[in-house]
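The values are calculated or read from the model by the stated rules, or taken from the named source; none is laboratory data. This is a predicted model, so every value here is computed, not measured. Using ideal geometry, Cβ is built from the backbone for each residue, glycine included, and neighbour counts are taken over all protein chains shown. The protein model used for the area step is the full one, side chains on, heavy atoms only, and it has no ligands, DNA or RNA in it. Shrake-Rupley method; radii C 1.70, N 1.55, O 1.52, S 1.80 Å.
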Amino acid sequence: MRTIDSDKLDQLPGIRLKSRDIFKFRCHAELGCFNRCCRNLNLFLYPYDVLRLKNALGISSDELLDHHVDVVLRDSNHFPDVLLRMADNDEKTCPFLAPSGCSVYPHRPDTCRTFPVEHGVRYDDDAGKTHPVYFFRPPDFCAGQFESREWTVDSWANDQDAVEYNRFTTGWSEIKWLFRNDPWGAEGPGGAKGKMAFMATYNIDRFREFVLGSSFLARYRVKSKILKKMRADEREMLKFGFDWVKFFLWGIKSKKFNLR
Ligand code: SF4
Ligand code: SF4
């Protein structure tokens with residue numbers, strides 16, 4: 001999922017899909033390209049991807065972030081990108097690639113799930129609205145695009161169990177859009193505020209400790225219904241993390257909490 005400037009929309013690669021447009025695709029093990037796409041990737045991981053993967057692997061957020069990702073801050077960005085670290089072999093295969101296919105298939109990241117469709121979000125600052133945009137862009141070697149099974153973006157998202165992933169990633173892209181301007185001031189993205197924002201979005205285990213085990217609840221009044229949900233469900237904790245980062249960095253108020 002990428003954030004897209006309206007004036008760059010026509011310059012992007014791939015075929016633009018409107019919501020009712022049909023594309024053809026079917027991926028299966030009999031194709032000669034089977035598993036070829038799962039190597040040498042710049043595979044961006046979004047906060048919900050990290051949450052799901054660490055649970056799938058039975059490890060902590062810290063372990064996932066320490067051993068499976070590269071955190072990269074590009075020159076023109078104000079928040080780092082998180083990329084899945086490919087295996088250290090000649091083909092740079094995905095670490096989760098097994099001979100029979102994806103070993104974390106039920107928990108595969110959003111980008112893998114929506115492939116060969118790429119989702120983006122276009123922001124209309126004047127109207128204050130966001131618009132989803134979709135591109136069909138399989139690589140040339142992908143034989144699945146020549147199969148006859150037909151889809152729309154919605155039927156594909158449903159089939160791939162991608163709806164919840166897409167929702168989280170859209171929420172995250174709204175925050176990334178806010179990061180187009182530098183919120184850090186002199187301390188930069190590596191300062192204390194930057195570390196807090198990264199924790200609240202990418203390290204759900206630490207953020208949970210921070211919210212429930214520190215003086216956080218003495219400083220913030222969190223609605224009891226929300227707090228109950230957050231204690232029971234990491235997805236609610238992550239949604240809260242998104243809201244908290246918006247408040248903490250940009251003063252955007254949330255209905256879930258306020259300062260005491
Ligand atoms: S290249 Fe395309 S058809 Fe082949 S395995 Fe990957 S997604 Fe499936
Ligand atoms: S996570 Fe699974 S689907 Fe995605 S690149 Fe790795 S092996 Fe392929």
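At-a-glance table
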item: Scope the stretch 24-73; condition more than 15 Å from ligand 2 (Cβ to nearest atom) and in a loop (DSSP other than H, G, I, E, B); matching residues; result: 26, 30, 32, 58, 59, 60, 73
item: Subset of the stretch 74-99 [among the charged types (D, E, K, R) and more than 14 Å from ligand 2 (Cβ to nearest atom)]; result: 74, 75, 81, 88, 90
item: Extreme residue, nearest to ligand 1 (Cβ to nearest atom), among residues of the stretch 69-106 that are more than 17 Å from the chain's Cα centre (by Cα) and more than 20 Å from residue 37 (Cα to Cα); result: 74
item: Selection within the stretch 240-259 - open to solvent by 50 Å² or more (accessible area, probe 1.4 Å) and under 14 Å from residue 198 (Cα atoms); result: 248
item: Counted residues, the stretch 81-90 - those being in contact (Cβ under 8 Å) with a residue 12 or more places away in the chain and either of a type in the set (A, V, I, L, M, F, W, C) or surrounded by 19 or more Cβ atoms within 10 Å (Cβ to Cβ) (or both); result: 4
item: Count of residues meeting criterion [open to solvent by less than 30 Å² (accessible area, probe 1.4 Å) and more than 16 Å from residue 16 (Cα to Cα)] in the stretch 144-156; result: 1
item: Some residue of the stretch 8-16 being within 16 Å of ligand 1 (Cβ to nearest atom) and either modelled with pLDDT of 95 or more or not aliphatic (A, V, I, L, M) (or both); result: yes
item: Scan of the stretch 53-66 for residues that are surrounded by fewer than 14 Cβ atoms within 10 Å (Cβ to Cβ) and free of Cβ contacts under 8 Å to residues at least 12 places away in the same chain, ordered by number; result: 58, 63, 66
item: Some residue of the stretch 91-108 being of a type in the set (D, E, K, R) and surrounded by 21 or more Cβ atoms within 10 Å (Cβ to Cβ); result: yes
